[in-house]
Amino acid sequence: MNPPKPPRDVVLIVDDTPANLAYLSDALDDAGFKVLVAIDGATALERLQLVTPDIILLDAMMPGMDGFETCRAMKQLPEIGDIPVIFMTALVDTPHVVRAFEEGAIDYVTKPVCQEEVLARISTHIRRARTLQKAQKSVEACGKAGLTLDTNGNVTWQTPRVRQWLDEYCGETTATRPWTRLRSWLQHVATGKDLPQENGVPLTVTRSFGRLSIHYAGELTGGEHLLLLEEQRTDQSARKLTDNLGLTAREAEVLSWLAGGKTNRDIAQILGLSPRTVNKHLEHVYVKLGVETRSAAVAVAVQTMAAPVRG
């Protein structure tokens, strides 16, 4: 009994010229790929509602929705965002090439297309995408998420969980300090200035529902930088402190750890703060609780966290 053949890699070709479609389809089919075709951007987007290819070849200049608009729309589809897109274009001047990359392309080939070149690029980018998928699954299996930055601070790769967390913690408040602080921190990482691993303290963004910690994990080949993200959801006890005592999420975290018997230095290490900052949070807590000592604050916290949840 012969073993089953491995599934063929799927290539979607988007081009408004039938001769180009036939030329590429024949070459890819002979090379062992499964080929899907679309004659315009709208048809390509319809195809992507039904199937997820391994890679997309996209003509830059098409009537109606051109390749740049099509690529932008593709990258907004949840299951397609990480699929490699290779532009096919006769426009090789810098503005058009730059725009292709800005819209999410990973590479481009010039027309008339050389079969050997496009086959080599397709194979290379599919292998790279598979490697990134394995890395993504390995990172997320450890309860973390990862992203990489180039030397300009642009995100070059991120796992779906990163998108979810950054949107949840920063997306709805992009004008507020946490988002500004995050972007500034990322730029410092990418340019090699004041790298956070020097003092071991990660960047943290705190919300009432949890805390997102971002750790610098080192420089990769090609000058890219790897960041690992980890989320800690606020437990029910800390939520009670914010809801019933009027504390901020950070103040509730500090107080809950204090009630758990941790020292200021312990709390600083756990939350990625300085002991001085912890002291400032506790001063605010004392004022809001109307107490003057640590023991009195702990007593209020224990009583509040032990109370039943209000219906």
Residues of the stretch 13-35 satisfying the condition of being out of contact with any helix residue (DSSP H, G or I) (no Cβ under 6 Å at 6 or more places or on another chain) and among the hydrophobic types (A, V, I, L, M, F, W, C): A19, L21, A22, L24, L28, F33
Just one of the numbered conditions (1) surrounded by fewer than 17 Cβ atoms within 10 Å (Cβ to Cβ); (2) farther than 23 Å from D150 by Cα is not true of G81; which one? (2)
Considering residues that are at pLDDT below 75 and hydroxyl-bearing (S, T, Y), the number found within the stretch 201-219 is 2
Hey, can you tell me all the residues within the stretch 22-39 that are under 11 Å from L58 (Cα atoms) and buried (at least 18 other Cβ atoms within 10 Å of the Cβ)? V37, A38
Scan (1) assigned to a helix (DSSP H, G or I); (2) modelled with pLDDT of 75 or more; (3) within 13 Å of the chain's Cα centre (by Cα); (4) of a type in the set (A, V, I, L, M, F, W, C) for the single condition L186 breaks and write down its number. (2)
Closer than 30 Å to T148 by Cα and either of a type in the set (S, T, Y) or crowded, with 16+ Cβ neighbours inside 10 Å (or both): is that true of T89 in this structure? yes
List the number of the failed condition for E292; all other conditions in (1) in contact with a Phe, Trp or Tyr (Cβ under 8 Å, 6 or more places away or on another chain); (2) surrounded by fewer than 13 Cβ atoms within 10 Å (Cβ to Cβ); (3) closer than 18 Å to L203 by Cα hold. (3)
Filter the stretch 69-103 down to the residues that are touching a residue at least 40 places away in the same chain (Cβ under 8 Å), closer than 17 Å to Q49 by Cα and assigned to a helix (DSSP H, G or I) and list them by number. T70
Report yes if A19 is free of Cβ contacts under 8 Å to residues at least 40 places away in the same chain, buried (at least 22 other Cβ atoms within 10 Å of the Cβ) and in a helix (DSSP H, G or I), otherwise no. no
For the stretch 27-46, give me each residue that is part of a helix (DSSP H, G or I) and closer than 16 Å to D9 by Cβ. A27, L28, D29, D30
Return the residue satisfying two criteria in turn: it lies in the stretch 92-129 and is of a type in the set (D, E) and more than 21 Å from F33 (Cβ to Cβ), and of such residues it is surrounded by the most Cβ atoms within 10 Å (Cβ to Cβ). E103
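The values are calculated or read from the model by the stated rules, or taken from the named source; none is laboratory data. The structure presented is a predicted model; accordingly, all values stated were derived computationally and were not measured. All Cβ positions, glycine included, derive from the backbone under ideal geometry; neighbour counts span all protein chains shown.
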